[in-house]
DNA sequence: CTGTTAGCGCTTTCAA
DNA sequence: TTGAAAGCGCTAACAG
C-alpha cells in the first residue's frame, strides 16, 4: 500500500526528499519499466535501446541511485562478497596477507568482510558459521592449523557444510584439510635456513618455538632441527623452548632458554620475526651484543621489522602475493581442491655473520 | 514452479541433498508456518510456544540452517554491517585501529566490510559510493584528511548523500567535516613532545614532515615547531623536510636533511614512527650513532616498533581504543555530529637522552 | 500464540 | 527491444 503502488493516474504528487532511491524510483523518473531500468543499470549486455539507456542513467544520477547489494544478492541467488577470517589483524603477518587479499578482491569487483579469531581456535568454527549467513562467494581462512582434533573436526565440518551449500573454501595454511589451499613451505624453508646457517659456521644452536600445537611453528622447528641433524649438528630438546607467537612470547622464551642451558649457544632461531625481536630485546637486556656474542635468525621477513639492528636474518615470504593467490584460487571454477605451494627464500643479514 | 510449491498432498518425495536450507525448508521440516519459524529463529521476544520453538530449533539444526543475511536486510530494511575504509591495512597504524573497530563491531553483532584506498585520495569518494550499495548501518573512515579542496568536496558530498539516506558517517581524522569524528590531538601532543624535548636540553632540531597536504603530518609539524618557537627554540624552514608517510619516505627525507643543513642538529623529529625508523636506518648508514651523536623521536608508538634500538621516544596513541570509540560513536542514536577528542601521551625513551 | 499474506528491492522468465 | 509478473528468502502487519 505504499504510494508508489498507486495507479499512474494519481500523477504528480510531491515526492519528499527521498531517503534512498530504489530502482522503481529510477524507472518512474526515467519513464520506463522496472525491467528496462534494471537492464540498463546492472543487467547483462546490450539489449536496451540507447536512448532509454541514457534516460535511465540520467535518472539514476539525478536520484543518486545506488543499487542495493542485498536485494541483488537475494534476487540473483549469489553475492559479491568474500569472507576473510584471520587470527589477528594487528599482527603484520596477517595484515600483509589481508592487504593482498583485499587488493585482489577489489580487482574482481568483490567486497570483503573480515573477522578475527583473536587466536582462539574455538572461534574459528563459530565465525565460519556466522559468515555463512552472508552467503559469501568464497571464504578464505588464514592462520595456522593446530594439532587439536576436536576443534579441527568442528571447523572442518562447518567448512564442509559451507562448501556443500555452494561456497568455496580456501585455506592459507597447512594442507591438512581437503580444501583449496595456499600451502606455505615452512618445513623446506626452515631447512634451507638451517643449511645456510650451518654453512656460515654455526654449530651450537637453540630454537625458540611457538605454541606447541601450532602447525606452522612446529613445521618450522622440524625443518630447522631436521636439516641441522642431517648436517651433523644436533639440537638438544632442552634447547628448544616454546612460547607465544608474539613479541612477548619471544622475550619470555629467550629468558627461559638463557636460564636453562646457554653455555655455548652461538645462534638462536626464533620461528618468526616478531618473536625474534622480542628475543633480541631480552638478550640485549641480558648484556649480550647481538651479532657478536650471539647470532639470531627469524622467519617471515616482516616489512616493519627490516630495520632492527643488527638486521635480522630471516626467511622472506611473499605475503601480499599469498593473499592474492588465495583469491585467485578461491575464484577458480569447479570443485577441485587444488594446493598451491609457496616457497620462502632465505635472506642472510647482519644478525648472523660468518663465524670465524 | 519449484518442487517445493507442490501441494502438501504430493507428500514424501525424495528431497535431494539440499543446497542451502531456507526458512521455508525449516518450517516445513518442523511442521509449522513460515512466520513461526522466523519468530523462533530470528524474531523478537517470547511469543512462540516452547514446544514449537524447540521443534523449529531442532529442524534448523538438522538442516544446518543459516539465515540469509541479505534476505533479512532486504526484509528488515536495515543491515547488520559496518563499512570500514582505511588507507593501507598493511600499515601498523591502520591495522591497529582496524583491530579495535572489528572487536567492537563484533561485540555488537555487526559484520565489518573493509576496503583500502591505497592512500589515493581520489579513491575515497569512489569507495564510499561502492560501499553505499551494502547499505551499511555505519561507515567509518580512517585516514588523514588532505588539503585538497576538490577531492574533499567530492568525498564530503558522497558522505553527505550517504547520511541523508539514513547512514551514519564516522571519521577518524581531523574534524574538518561535519560528521561524527574521533579527533586525534596531533597538534597538542606534538607540542607536548616538543616541550619535553626542549626540557631535556635539545636546542637545534630538525623535522621530517610527511606529505605536505596531509593534515595529520601538518598538524604534528605545526604543534612541534610552534611549541619550540614559544620556548625560544627556532626551527628553520630548511630543517623541515617532507617525505612520504612511510619507512622509505623517512629514509629519503633523512638523507635530504643531512645533505641540506645538518651542521649542529642535535635532534630529529619524524612525524611518525615508521618514518623515524627509516630515518634511523639512514643515519646509521651515514655513520652516526643514534642516541649519542643524534637524538630522534617519532609519533604513534607502534607496537612492533617498540624494540628498535635505541628505543624510540614517541607519542603513544591508544590505537585500538580509537577504533572502539569510533564504533561506539557510529552507533549512537540521533543525528548529532559529535567530536570525541583523543589525547596522546609522550613517552621518553633512550633515543633522546638528557643533553649534558 | 499462530498462520496468511503483503511486502522489501531487485532479477529474470515469458509474452507481446 | 520492452513490460508484466513471478519469484528470491525473509519479516511484519493483520486476522484468527
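Since every read-out is calculated from the coordinates, none of them should be taken as a lab result. Note that the structure is predicted; figures quoted are calculated from it, not measured. Ideal geometry is used to build each Cβ from the backbone, glycine not excepted, and the neighbour counts take in all protein chains shown.
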Worksheet item: Between rounded, prolate and oblate, where does the protein assembly as shown land on the alpha carbon gyration tensor, with a ≥ b ≥ c its root eigenvalues, rounded for a/c under 1.5, else prolate if a/b exceeds b/c?
Response: oblate
Discussion item. So if I take the centroid of the Cα atoms in region A:206-242 and the same for region B:160-230, what is the distance between those two points in Å?
Written reply: 47
Discussion item. At 7 Å along Cα-to-Cβ for each site, give me the label-to-label distance between residue B:126 and residue B:153 in nm.
Written reply: 2.1
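If we sort A:193-200, B:259-266 on the protection proxy, mean other Cβ atoms within 10 Å, highest first, what's the order? Walk me through the numbers on the way to the answer.
Numbers: A:193-200: 19.8, B:259-266: 11.9.
Per-residue Cβ counts within 10 Å, averaged per peptide and sorted highest first, yield A:193-200, B:259-266.
Among A:88, A:107, which comes first, then next, by fewest other beta-carbon atoms within 10 Å?
The order, fewest Cβ neighbours first, is A:107, A:88.
Can you give the average number of partner chain beta-carbon atoms within 10 Å of each beta-carbon in peptide B:273-279, as a whole number? Walk me through the numbers before you get to the answer.
Numbers: counts 1, 3, 0, 1, 5, 2, 1.
That average works out to 2.
Working out 0.36 nm times the residue gap between residue A:260 and residue A:176, then minus their Cα-Cα distance, what length gain in nm do you get to one decimal? Each step should come with its number before you reach the end.
On the way: separation 84, 0.36 × 84 = 30.24 nm, distance 3.42 nm.
Between residue A:260 and residue A:176, full extension yields an extra 26.8 nm.
What FRET efficiency do you get for residue B:57 and residue B:118 if R0 is 51 Å and r is their Cβ-Cβ distance, rounded to the nearest 0.05? All intermediate terms of the calculation are to be shown ahead of the outcome.
Details: r = 45 Å, r/R0 = 0.89.
Once the sixth-power term is evaluated, E becomes 0.65.
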Worksheet item: Hey, what angle do you get for helix A:121-132 against the long axis of chain A, alpha-carbon based, 0 to 90 degrees rounded to 10?
Response: 20
Item to complete: Of the DSSP beta bridges with both residues in region A:144-301, give the percent that are antiparallel, rounding to the nearest 5.
Response: 5
Worksheet item: Taking the alpha-carbon centroid of each part, what is the distance from region A:258-304 to region B:59-125 in angstrom?
Response: 38
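For the pair residue B:33 and residue A:248, what calculated FRET efficiency results from E = 1/(1 + (r/R0)^6), where r is the Cβ-Cβ distance and R0 = 45 Å, to the nearest 0.05?
On the way: r = 55 Å, r/R0 = 1.23.
For R0 = 45 Å, the calculated efficiency reads 0.25.
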Item to complete: Would you kindly work out, in nm and rounded to one decimal, the distances from the label point of residue B:321 to those of the same position in each other copy, ordered shortest first, with label points 7 Å along Cα-to-Cβ?
Response: 4.2
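Within 10 Å of each Cβ in B:73-82, how many Cβ atoms from other chains are there, averaged over the peptide? All intermediate terms of the calculation are to be shown ahead of the outcome.
On the way: counts 7, 8, 2, 1, 3, 1, 3, 2, 5, 1.
Mean partner-chain Cβ count within 10 Å for B:73-82: 3.
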Worksheet item: Say a label goes 7 Å from Cα toward Cβ at residue B:341 in every copy; what distances in nm does this one have to the rest, shortest first?
Response: 5.9
Worksheet item: Who wins for biggest fluctuation among B:319, B:84, B:305 in a Gaussian network model of chain B, springs between alpha carbons below 10 Å?
Response: B:305
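Using the count of nearby Cβ atoms within 10 Å as a rough guide to exposure, how do B:352, B:325 rank from fewest to most? Please report the intermediate quantities before stating the final value.
Details: B:352 27, B:325 20.
Lowest count first: B:325, B:352.
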Item to complete: Let me know the shape class of region A:62-134, please: from the alpha-carbon gyration tensor, a ≥ b ≥ c as square roots of the eigenvalues, rounded when a/c is under 1.5, otherwise prolate if a/b is greater than b/c, or oblate.
Response: oblate
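Among rounded, prolate and oblate, which fits region B:250-330 when a ≥ b ≥ c are the square roots of the eigenvalues of its C-alpha gyration tensor, a/c under 1.5 means rounded, and a/b larger than b/c means prolate? Each step should come with its number before you reach the end.
Values: a/c = 3.01, a/b = 2.36, b/c = 1.28.
Prolate, because a/c is 1.5 or more and a/b exceeds b/c.
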Practice prompt. Mind listing the label-point distances from residue A:288 to the same position on all other copies, shortest first, one decimal in nm, points 7 Å along Cα→Cβ?
Written response: 3.1
Response to the item:
Longest principal axis of chain B (C-alpha) makes with the long axis of helix B:273-285 (C-alpha) an angle, in degrees to the nearest 10, of 40
Item to complete: Take every residue in peptide B:19-26, count the Cβ atoms of other chains within 10 Å of its Cβ, and give the average of those counts.
Response: 2
Practice prompt. Would you calculate a helix-derived [θ] at 222 nm for chain B, using -39,500 (n - 2.57) for each DSSP H run of n ≥ 4 and dividing by the full residue count, to the nearest 500?
Written response: -13500 deg cm²/dmol
Practice prompt. Sort A:302, A:82 so the one with the fewest other Cβ atoms within 10 Å of its own Cβ comes first.
Written response: A:302, A:82
Item to complete: Quick one: angle between helix A:186-199 and the longest Cα principal axis of chain A, in degrees between 0 and 90, rounded to 10, please.
Response: 30
